[in-house]
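The values are calculated or read from the model by the stated rules, or taken from the named source; none is laboratory data. Predicted model, so just to flag it, every value in this text is computed and none were measured. Positions of Cβ are backbone-derived with ideal geometry, glycine not excepted, and every protein chain shown enters the neighbour counts.
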Amino acid sequence: MDMKKYALVMAGGKGERFWPWSRSSEPKQFLTLTGRRSLIQQTWDRLQKFFSPENIFVATGQSFVSLVHKHLPRLPENNILVEPVGRNTAPCIGLAALRLQKIDPQAIMLVLPADHLVTNKKVFQQCLEQCLRLAERGESLITIGIKPTRPETGYGYIEKREMPLNEKNGVYHIKQFVEKPDLEKAQEYLAKGNFYWNSGIFAWRTELILAKIQKYLPDLYHGLKEIEPFMGTPLEKEALEKLFPGLPSVSIDYGIMEKEKNILMVQGDFGWDDLGSWTSLAKQFREEGRDNVSKGQHLGIATKDCLVYAEDTLVATLGVSDLVIVQSNGVVLVCSMERAQQVKDLVGELKTKGLEQYL
């Protein structure tokens with residue numbers, strides 16, 4: 001790939017649904033949930049075919065900068081975009097687009113989360129290549145839609161139009177982006193066959209996404225323009241600390257993708273999961289034919305469909321099923337599989353009760 005193509009890895013998330021293993025000091029993207037490399041390292045590895053280290057940028061919070069250096073030692077120090085506070089994905093992407101515009105006004109930008117799972121690297125890279133080629137034309141916003149394998153309620157969905165732009169290559173115009181559905185609606189989407197999971201992976205020209213931010217999110221655009229003169233200068237950090245917290249907090253999906261009509265979707269089928277909860281991790285391993293998922297020391301008798309993660313002690317189970325049991329950093333979590341998406345509520349309770357030492 002030539003010099004005008006860049007990747008933005010978004011690595012500022014807190015990973016609260018993976019508490020207590022995911023902590024404020026080391027959230028999900030820096031954990032090794034599968035394989036031998038952390039999730040952010042696996043993301044980095046998948047990008048090497050298309051991007052040199054100089055063309056990869058990572059957006060994260062100030063408290064995670066040292067972790068980014070530790071996990072990605074080849075990433076240039078100046079390629080870390082430090083957000084003083086979390087303001088969701090639209091400000092993050094807009095800020096990165098400004099930085100890339102200063103490097104190359106014709107820059108093409110791939111955007112992807114740091115903490116997703118991909119099991120078929122080759123097919124994933126083929127999809128990325130398609131996205132970058134389409135983005136190079138500069139006319140449309142590009143995304144990857146994942147062919148669903150189950151009626152998942154934890155993901156947003158993309159409805160594609162019936163007539164493909166290119167059926168051979170699996171490229172479609174988008175009809176709409178839709179929010180996370182309830183189970184009945186998710187089953188309906190699966191049956192229809194023209195709904196895909198929203199991967200959160202995008203590609204576009206930086207000038208195009210900034211034009212869309214100006215159109216749909218004018219307050220954000222004006223805030224970014226205030227920051228723009230300081231990007232890439234010694235005053236960048238000071239300007240961000242002063243101005244970035246005042247930007248509106250809005251996701252790129254809600255702010256742009258749900259409103260824009262000219263979006264193309266590349267169909268993806270490469271073993272993707274956003275690993276949004278302990279349940280999603282368990283599903284991945286169960287697809288490999290395992291009844292129980294365990295890491296660390298677990299002794300189970302008459303135990304079925306449980307996920308057990310033990311950091312430094314033995315966890316023994318007897319006559320239980322459909323449980324998530326996690327022991328980490330002085331905390332033990334026990335919850336039903338069906339309530340695993342609500343672990344974030346426990347994190348909220350810890351804050352309310354002043355138990356921040358367990359976060």
*Hey, among the residues in segment 14-31 that are surrounded by fewer than 20 Cβ atoms within 10 Å (Cβ to Cβ) and assigned to a loop (DSSP other than H, G, I, E, B), which one's modelled with the highest pLDDT?*
Leu31
*Take the residues in segment 312-359 that are under 14 Å from Ser24 (Cα atoms) and charged (D, E, K, R), then tell me which one is surrounded by the most Cβ atoms within 10 Å (Cβ to Cβ).*
Lys344
*Would you mind stating whether Ile80 is at pLDDT 95 or above and within 13 Å of the chain's Cα centre (by Cα)?*
no
*Pair list, Cβ under 6 Å, 6 or more apart: segment 263-289 residue at negative phi, other residue surrounded by fewer than 21 Cβ atoms within 10 Å (Cβ to Cβ) and modelled with pLDDT under 85*: Gln267/Gly170; Asp273/Ser280; Asp273/Gln284; Gly276/Gly154; Ser277/Gln341
*State all residues of segment 328-359 that are part of a strand (DSSP E or B) and either within 25 Å of the chain's Cα centre (by Cα) or of a type in the set (Gly, Ala, Ser) (or both); if no residue qualifies, say none.*
Ser328, Leu333, Cys335, Ser336
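So that you can scan it fast, the table gives a plain yes or no per residue for (1) buried (at least 21 other Cβ atoms within 10 Å of the Cβ); (2) modelled with pLDDT of 90 or more; (3) not hydroxyl-bearing (Ser, Thr, Tyr):
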site	(1), (2), (3)
Gly232	no, no, yes
Ala239	no, yes, yes
Leu243	no, yes, yes
Pro248	no, yes, yes
Asn262	no, yes, yes
Trp272	yes, yes, yes
Thr303	no, yes, no
Tyr309	yes, yes, no
*Which of the residues spanning segment 109-127 are in a loop (DSSP other than H, G, I, E, B) and hydrophobic (A, V, I, L, M, F, W, C)?*
Ala114
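Answer with yes or no whether Gln106 is assigned to a loop (DSSP other than H, G, I, E, B), in contact (Cβ under 8 Å) with a residue 12 or more places away in the chain and surrounded by fewer than 22 Cβ atoms within 10 Å (Cβ to Cβ).
It is true that Gln106 is assigned to a loop (DSSP other than H, G, I, E, B), in contact (Cβ under 8 Å) with a residue 12 or more places away in the chain and surrounded by fewer than 22 Cβ atoms within 10 Å (Cβ to Cβ).
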*Kindly indicate which of Leu359, Leu333 is in contact (Cβ under 8 Å) with a residue 60 or more places away in the chain and in contact with a Pro (Cβ under 7 Å, 6 or more places away or on another chain).*
Leu333
*Report, by residue number, each residue of segment 321-359 that is hydrophobic (A, V, I, L, M, F, W, C), touching a strand residue (DSSP E or B) at 6+ places or on another chain (Cβ under 8 Å) and at pLDDT 90 or above.*
Leu323, Val324, Ile325, Val326, Val332, Leu333, Val334, Cys335, Met337, Val343, Leu346
*Check Thr313 against each of (1) outside any strand (DSSP E or B); (2) under 26 Å from the mean Cα position of the chain (by Cα) and name the one condition it does not meet.*
(2)
_Given the criteria among the hydrophobic types (A, V, I, L, M, F, W, C), in contact with an Asp or Glu (Cβ under 9 Å, 6 or more places away or on another chain), farther than 23 Å from Ala114 by Cα and not in a loop (DSSP other than H, G, I, E, B), does Leu281 qualify?_
no
*Any pair with Cβ under 6 angstrom, 6 or more apart, that starts in segment 245-259 at a residue that is touching a residue at least 24 places away in the same chain (Cβ under 8 Å) and ends at one that is surrounded by 21 or more Cβ atoms within 10 Å (Cβ to Cβ) and β-branched (Val, Ile, Thr)*: Ser251/Thr89; Ile252/Thr89; Ile252/Ile93
*Given the structure, is Val85 of a type outside the set (Lys, Arg), outside any strand (DSSP E or B), in contact with a helix residue (DSSP H, G or I) (Cβ under 9 Å, 6 or more places away or on another chain) and modelled with pLDDT under 95?*
yes
*asked:* Taking the criterion of being at pLDDT below 95, in the same structural domain as Asp104 (by TED's automatic domain parsing) and farther than 30 Å from Leu355 by Cβ, would at least one residue in segment 61-77 satisfy it?
replied: yes
*asked:* Within segment 274-301, take every residue that is loosely packed, with under 15 Cβ neighbours inside 10 Å and at pLDDT 90 or above and give me the one that is farthest from Ala90 (Cα to Cα).
replied: Ile301
*When both residues are 6+ apart or on different chains and their Cβ atoms are under 9 Å apart, which pairs have a first residue that lies in segment 170-188 and is without any contact (Cβ under 8 Å) to a residue 24 or more places away in the chain, and a second that is exposed (fewer than 15 other Cβ atoms within 10 Å of the Cβ)?*
Lys175/Arg161; Lys175/Glu162; Lys175/Asn194; Lys185/Thr153
*Out of the residues in segment 32-42 that are of a type outside the set (Gly, Ala, Ser) and in a loop (DSSP other than H, G, I, E, B), state the one that is modelled with the highest pLDDT.*
Arg37
